[in-house]
Amino acid sequence: YADLLGLKERTEQRSPIYRALDAGGTDIGFNAVDAYRILNLDSAPPAGTAFMLTFDVGARSEIARLVARAQQRGATLVKPAYDTPYGARQAVLRDPEGNVFRINAFQPAEAAAE
């Protein structure tokens, strides 16, 4: 994600089982499977899709390029780029660890018509 989206790693938080990326005032944290035990959660990660990260890239023209880069890094395309009912264009992918994420560009209908 850091390489794909140009996010800076919060290296001061790095551990053998945790990485954090600075997303502009909010950290996005990634745990290894061992973290579940430390957090008093089931020893196995949840099955299925528990949540999806959505990365807004600002421009619809960036989606195809970022999807291709993500696939080069091992992501699997779940749903090709499409226009949503709420004015965004997005693609849905699954990273090599099985996490689902969306690459999104929101553009209100008024701006899209211009």
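The values are calculated or read from the model by the stated rules, or taken from the named source; none is laboratory data. From a predicted model like this one, the values you see are computed outputs, not experimental measurements. So basically every Cβ, Gly included, is an ideal-geometry build from the backbone, and we count neighbours across all protein chains shown. Ligands, DNA and RNA are stripped out before the accessible areas are found, and what is left, the full protein with its side chains, is counted by its heavy atoms. Shrake-Rupley method; radii C 1.70, N 1.55, O 1.52, S 1.80 Å.
Where only DSSP H runs of four or more residues are counted, the chain gives -5500 deg cm²/dmol as its mean residue ellipticity at 222 nm, each run worth -39500 (n - 2.57). For region 6-16, 3J(HN,Hα) computed residue by residue from phi via the Karplus equation (6.51, -1.76, 1.60; θ = phi - 60°) reads x, 8, 8, 6, 8, 4, 5, 9, 4, 9, x Hz, glycine and proline entered as x. Just the protein heavy atoms count here, and of the accessible area of the chain at 1.4 Å, carbon and sulfur take up 53 percent. Let's test the formula: R0 of 30 Å, r as the Cβ-Cβ distance of residue 59 and residue 30. What FRET efficiency results, to the nearest 0.05? It comes out at approximately 0.70.
Size descriptors for the chain (Cα atoms only): Rg and Dmax, in that order, 15.8, 52 Å.
Ranking 92, 78 from most to least accessible surface, computed with a 1.4 Å probe over the protein chains only, gives 78, 92. Across 97, 9, the residue with the most accessible area heads the list, and the full order at a 1.4 Å probe is 97, 9. Net charge within 11 Å of residue 78 by Cβ-Cβ distance, Lys/Arg positive one each and Asp/Glu negative one each, not counting residue 78 itself? Net of charged neighbours comes to +2. Region 3-45 has equivalent-ellipsoid semi-axes of 23, 10, 9 Å, by the square roots of 5 times the alpha carbon gyration tensor eigenvalues, sorted largest first. Note on residue 8: accessible area approximately 150 square angstrom, rounded to 10, probe 1.4 Å, nucleic acids and ligands left out. A 1.4 Å probe, protein heavy atoms only, puts the accessible area of residue 1 near 60 Å².
Rolling a 1.4 Å probe across all protein chains gives residue 26 an accessible area of roughly 80 Å².
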